[in-house]
Amino acid sequence: MSLFEWLEDMKEDILRSYERSQSSYQIVRNDLEYDRYLEDSGLEDTDELRAEFSEADDEEVYLGF
């Protein structure tokens with residue numbers, strides 16, 4: 001394996017690791033936002049409400065907001 005190939009492999013490993021960490025961060029952030037939403041609204045946690053909140057968050061991410 002040449003130095004260039006090794007560097008390319010390392011770059012790919014680092015990028016995959018970064019993407020996984022960003023995904024984990026997004027999950028935690030979404031959970032915290034949902035908890036804050038429940039607290040502010042006074043609503044109870046239900047599967048339906050969680051699904052609606054998750055769908056709204058997916059749309060925001062998709063639209064780039």
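Coordinate-derived values only; no laboratory data. All values derive from a computational prediction rather than experimental measurement. Neighbour counts are summed over all protein chains in view; Cβ atoms, including those assigned to glycine, are modelled from backbone coordinates with ideal geometry.
A few points about this structure:
- Taken together, the criteria place Ser21 among residues that are surrounded by 10 or more Cβ atoms within 10 Å (Cβ to Cβ), of a type in the set (Gly, Ala, Ser) and out of contact with any Ser or Thr (no Cβ under 6 Å at 6 or more places or on another chain).
- Those residues of the stretch 1-42 which are under 10 Å from the mean Cα position of the chain (by Cα), over 19 Å from Glu55 (Cβ atoms) and among the hydroxyl-bearing types (Ser, Thr, Tyr), in sequence order: Ser21, Ser24, Tyr25
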